[in-house]
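A.B. asks: One structure coming up, written as C-alpha cells, with questions to follow.
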Amino acid sequence: MSDKTVTINSNYNSKNESNETWQPVRNGKTFLKYLDLNKKISDNDRESLINDSVSLLGQTINPKNIVKTGLNSTGLCFGQVQSGKTTSMEAISALAHDNNFKIIILLTGNVTPLASQNTSRVDRALQGREWQVIKNLPRVPWNKSDNSNKLKGIINSWSSKNQLIADTFNKTILILSMKNPSKIKRITELFNTVSSWNNSVFDKIPTIIIDDEADHHSLNSQSSKNQADEKDEDELYKVEANESWESIADKFEKSVKELKEINPEISEDIELSPGDLINTEYKDIRTHAAIRDLRSVFNFHTFLGYTATPNANLLTNTLNFLSPNFSQILKPGSEYTGLEFFFGKQKSIDKYVTPIEEKIREFEDSNERPKSLENAFMHFLVSVACGYITGHDKTGANRSMFIHPDRVHESHEQYIKWINALKIKWEGELNTDKNADEYKDVIDHIKKTLEAIRNNADEKEHIPKFSDDFIEWVKASLNKIIPMKFNAKGGRIPEIEWDRDYAHLLIGGQGLDRGFTVEGVTVSYLSRSVGTRQQDTILQRARFFGYHKKNKDFIKIFLTDELSDFFNVTYESDKELRESLIRHSENPKNNLKDWPRVWISTNIGNYKLTRPGANNMWSLVARNLPPAPARDGYAWKMNLADIEFNRNIYKNIREKFDNKLRKINSIEEITNNHP
C-alpha cells in the first residue's frame, strides 16, 4: 500500500474577517461584446467563463460602495497550466468595465516573449473606445508627459457634474505592463505625477491590479530570512519598557503589519514585553517592493493574482500584503488536456507517455544521441506529414515539438546538433537506392511510427495510409522543420511567428519554463532533471498541457520515469488542493488567510512545495497518514475486519503512551522519519 503524506502549517493566525461579496451586472455591453468575439468556445464553456468571472468579480471590492475608502483586498485566481488564464483576465477586465471599475493594470511576464504574447492577446480582445490603453512594454516608446495628460483628461471626465458628459467619456484606463521592477516603478511614478495636485485623487477610484504568474517574481523570495531565529542576537532589537508594536513600528518607519510579518514566531495577538528580541530589518526583493509601492497609490482596489501553481502564495506569511484573503478556482474548458487527461489514469499514461532513457545524463555527457530522441523526432516528422496530407496546415493551426533538456545553453546546442544530424541522415537515406539497407531501415522506422499513431488514435480513419506518396510528404516535411534555439543567448529569447509556418521545433530551457504557450504542441521531449525537486517549478514545465483534444491522436510526451512519477503524484495533490480551497470558499465569510495549509497526496513528501525563501509560514510539519481503514469517513460501511483493524490501532496507541496525550514532535517514530 502506498504511503500518503500530509504537509500542514500551524500558523494561520489571522483574524477571520468577513469577506463582503456583491452581485456584478453580467449583461453589460462590453462584457457581452467580448463574449461575442469568443465564438470558438462552446456554449458550456461560455457559461463556465461567465460564472467564474461573475463569481470572481463579486469577491473584489464593491465599486458602488465608495463610502468605504481605504478598502483593499487580495484574491488568488487558481487555474491550471495552459488552461486559459489569459482568457479569464480578458473576461474579468470587460466585466469590470461594465461594473464601474475605472483603472485596470495588468502585470504579465518577466521575459519579453511571455509579456508580448499575453499583452497582445489582451489588447486584441479588449478593442473599442471604452478603453484608454497605455502600454508599458519592451520596444514600445514610453512618453511620460503624454501618458500623464491622457490620465488627467480621463480622470477629469469621470468627475464631471454633467452626467451625459460623464457617461459619454466613460473610459476605463487599461495599462498593459511587463512585470519587472523598473516597469512597475514607472507606472507608480505616472500615477503619483497625476495625483500631485490632489493626493486623494485615487482614494475613491475603483481599481483592479492583475498579476499574471503571481507566484513568480512577485512574492518576496527573501521572506524566510525575515525571522528572528535566522539572525544573531546582536542583529535583533531589544524591546524596552513601555514600548509596543506601534511605537517600534514608528521608530523604524514601518507599518505594524510589516513588523509583525517579519516576526512570525510571535503570535499576532500577543503584546510585546520588555526584553523581547524582535527583528526590525525587512529583507525584500525589488519586484515585491515595486508592487507594494504600486498598491500603496490606490486606496480602493483589489489585487488579483493568477497562477496555476499557488503553493508559494499560500505559504507566504498571512500578514504579507500579497497573501490572498479569497480565492477563485478557474474551471478549464471542455477541450483542455492537463494533469487529469494525461496522468489521471494509468491507461492515459500508457497511451500518451513514452519513457526517456533512465540515464539520459550519461548520453548527454558522452555526446551519444539517445534512441528516444530519434523516436520523438520521427513521431513529430510523421505527424507533420499527416497534417500536410489532411490539410490541417490550411486551418491556421500548428504542429510543434519542444525539447527541454536543461537551462544551460550548451545543452541546447547539443540537441540542435543532434536534430540537424538526424535531418541530414534521414534525407540521405530517403534519397539513396531503395534496395540499400539504410533506405529500408528509415522506411521501416517511418512505417512503424505511422502504424503506432494509427493504433493509438481514437479516429483511425483520419490517419493517412502508408504509401510511396506518403514518403514524398515525409521528405518535404523534413525540409520544412527547422530547429530553433529558444533561449536568450543572442541577448533575448526570440519571438515565434506562428502564422508564418505550420511546423515549429523549439529547443530551450528558461523560456519554456512557465507561461509561454507552444502553439499546436504535438511532441514534447522533457529530459530535464527534477533538480531541487520543487513541485511548482517542475509543474510549470508542462508546456504539453493546453487545449489539444482535437490533436490528441498525434500527441506524444517523452519523459524520464522520475518526471512521469512526479506528474502522477502532482495530479493527486493538485486535485486535493483545489477541492480543499473550494470547500473553504463555499462560505463567503471565510477568509483564505484562515485556510489550514494542508497538502495531501501519495508520496508528495518527496518534493518541496515551493522555493524555501518564499515560505514564511511558521512551523511546517510533514507526516504520514494512517492506513486507509483508520480514516474511513463512513464507519457504518466498514466491514468487521476493518473495524477490528481500527480497534487494534487505538489499543496500541493507548497502551504505548499510557493514555497520555503526547506532542507529535516528541514521538521518535515520527520525528526520525519526518525531521
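The values are calculated or read from the model by the stated rules, or taken from the named source; none is laboratory data. Quick caveat: nothing in here was measured; it's all calculated off a predicted structure. Positions of Cβ are generated from backbone atoms using ideal geometry, with glycine treated the same way; all protein chains shown enter the neighbour counts. Ligands, DNA and RNA are stripped out before the accessible areas are found, and what is left, the full protein with its side chains, is counted by its heavy atoms. Shrake-Rupley method; radii C 1.70, N 1.55, O 1.52, S 1.80 Å.
A.B. asks: Exactly one of these conditions fails for Glu130: (1) in contact with a strand residue (DSSP E or B) (Cβ under 7 Å, 6 or more places away or on another chain); (2) under 25 Å from Ala214 (Cβ atoms); (3) not hydroxyl-bearing (Ser, Thr, Tyr). Give me its number.
C.D. replies: (2)
A.B. asks: For region 413-425: of the residues being under 22 Å from Phe516 (Cα atoms) and not aromatic (Phe, Trp, Tyr), which is surrounded by the most Cβ atoms within 10 Å (Cβ to Cβ)?
C.D. replies: Going through the qualifying residues, I end up with Ile416.
A.B. asks: Mind checking which residues of region 488-533 are among the basic types (Lys, Arg), crowded, with 19+ Cβ neighbours inside 10 Å and at pLDDT below 85?
C.D. replies: The answer is Arg514, and nothing else.
A.B. asks: Scan Gly387, Gly428, Gly391 and give me the residue that is surrounded by fewer than 16 Cβ atoms within 10 Å (Cβ to Cβ), within 22 Å of Val518 (Cα to Cα) and of a type outside the set (A, V, I, L, M).
C.D. replies: Gly391
A.B. asks: Also, quick follow-up: Which one is modelled with the lowest pLDDT among residues in region 644-658 that are open to solvent by less than 80 Å² (accessible area, probe 1.4 Å) and touching a helix residue (DSSP H, G or I) at 6+ places or on another chain (Cβ under 9 Å)?
C.D. replies: Only one residue tops the list, namely Ile649.
A.B. asks: Lys254: within 18 Å of Asp594 (Cα to Cα) and among the basic types (Lys, Arg), yes or no?
C.D. replies: no
A.B. asks: Name, by its number, the condition in (1) open to solvent by less than 30 Å² (accessible area, probe 1.4 Å); (2) within 23 Å of Phe342 (Cα to Cα) that does not hold for Asn591.
C.D. replies: Looking at each condition in turn, Asn591 falls short on (2).
A.B. asks: Name the helices (runs of 4 or more DSSP H) wholly inside region 140-224 in which the number of residues that are open to solvent by less than 50 Å² (accessible area, probe 1.4 Å), of a type outside the set (Asp, Glu) and touching a Phe, Trp or Tyr at 6+ places or on another chain (Cβ under 6 Å) is 1 or more.
C.D. replies: Counting at least 1 such residues, we get 144-158.
A.B. asks: Any idea which of (1) more than 12 Å from His404 (Cα to Cα); (2) touching a His at 6+ places or on another chain (Cβ under 6 Å) is the one Ile507 doesn't satisfy?
C.D. replies: It fails just one condition, (1).
A.B. asks: Of the numbered conditions (1) of a type outside the set (A, V, I, L, M, F, W, C); (2) assigned to a helix (DSSP H, G or I); (3) open to solvent by less than 10 Å² (accessible area, probe 1.4 Å); (4) modelled with pLDDT under 95, Ser93 fails exactly one; give the number of that condition.
C.D. replies: Against the list (1) of a type outside the set (A, V, I, L, M, F, W, C); (2) assigned to a helix (DSSP H, G or I); (3) open to solvent by less than 10 Å² (accessible area, probe 1.4 Å); (4) modelled with pLDDT under 95, Ser93 comes up short only on (4).
A.B. asks: For the subset of region 469-487 comprising residues that are more than 17 Å from Thr390 (Cβ to Cβ) and of a type in the set (S, T, N, Q), which member is least open to solvent (accessible area, probe 1.4 Å)?
C.D. replies: Asn487
A.B. asks: Could you grab me the full set of residues in region 140-163 that are touching a residue at least 24 places away in the same chain (Cβ under 8 Å), of a type outside the set (A, V, I, L, M, F, W, C) and either more than 21 Å from Pro206 (Cα to Cα) or out of contact with any Leu (no Cβ under 8 Å at 6 or more places or on another chain) (or both)?
C.D. replies: Lys144, Lys152
A.B. asks: In addition: Looking only at region 320-352, which residues are buried (at least 21 other Cβ atoms within 10 Å of the Cβ), within 22 Å of Asn568 (Cβ to Cβ) and touching a Leu at 6+ places or on another chain (Cβ under 9 Å)?
C.D. replies: Residue satisfying the conditions is Leu339 alone.
A.B. asks: Take the residues in region 22-41 that are at pLDDT below 90 and over 19 Å from Trp131 (Cα atoms); name whichever of them is least open to solvent (accessible area, probe 1.4 Å).
C.D. replies: Ile41
A.B. asks: Is it fair to say Lys260 is buried (at least 19 other Cβ atoms within 10 Å of the Cβ), outside any loop (DSSP other than H, G, I, E, B), in contact with an Asp or Glu (Cβ under 6 Å, 6 or more places away or on another chain) and in contact (Cβ under 8 Å) with a residue 24 or more places away in the chain?
C.D. replies: So Lys260 fits the description; yes.
A.B. asks: Moving on. List the strands (runs of 3 or more DSSP E) inside region 463-526, counting only whole elements, that have at least 2 residues being more than 22 Å from the chain's Cα centre (by Cα).
C.D. replies: Per the criteria, 483-486, 503-508.
A.B. asks: Also, I was wondering about something else. Could you pull out the residue among Ala241, Ala249 that is within 27 Å of Asp276 (Cα to Cα) and open to solvent by 50 Å² or more (accessible area, probe 1.4 Å)?
C.D. replies: On inspection, the qualifying residue turns out to be Ala241.
A.B. asks: Could you please give the count of residues in region 263-288 that are within 23 Å of Gly613 (Cβ to Cβ) and either touching a Phe, Trp or Tyr at 6+ places or on another chain (Cβ under 8 Å) or open to solvent by 20 Å² or more (accessible area, probe 1.4 Å) (or both)?
C.D. replies: Adding up the residues that qualify gives 14.
A.B. asks: Could you check region 274-374 for helices (runs of 4 or more DSSP H) lying wholly inside it with 3 or more residues that are among the basic types (Lys, Arg) and within 21 Å of Thr74 (Cβ to Cβ)?
C.D. replies: Counting at least 3 such residues, we get 286-297.
A.B. asks: Condition test on Glu410, is it part of a helix (DSSP H, G or I) and within 15 Å of Leu381 (Cβ to Cβ)? Talk me through it step by step, then tell me what you get.
C.D. replies: Numbers: part of a helix (DSSP H, G or I): yes; within 15 Å of Leu381 (Cβ to Cβ): no.
No.
A.B. asks: Just a yes or no: is a residue in region 585-595 in a loop (DSSP other than H, G, I, E, B) and of a type in the set (Asp, Glu)?
C.D. replies: Within region 585-595, one or more residues are in a loop (DSSP other than H, G, I, E, B) and of a type in the set (Asp, Glu).
A.B. asks: Is there a residue in region 399-412 that is open to solvent by 50 Å² or more (accessible area, probe 1.4 Å), closer than 30 Å to Ser585 by Cβ and in contact with a Lys or Arg (Cβ under 6 Å, 6 or more places away or on another chain)?
C.D. replies: No, the conditions are met nowhere in region 399-412.
A.B. asks: All but one of (1) outside any helix (DSSP H, G or I); (2) crowded, with 18+ Cβ neighbours inside 10 Å; (3) without any contact (Cβ under 8 Å) to a residue 60 or more places away in the chain hold for Val442; which doesn't?
C.D. replies: (1)
A.B. asks: Which one is farthest from the chain's Cα centre (by Cα) among residues in region 376-400 that are of a type in the set (S, T, N, Q) and not in a loop (DSSP other than H, G, I, E, B)?
C.D. replies: Pass one, region 376-400, residues of a type in the set (S, T, N, Q): 383, 390, 395, 398, 400.
Of the ones still in play, those that are also not in a loop (DSSP other than H, G, I, E, B) are 383, 390, 395, 400.
Working: Ser383: 29, Thr390: 35, Thr395: 29, Ser400: 22 Å.
The selected residue is Thr390.
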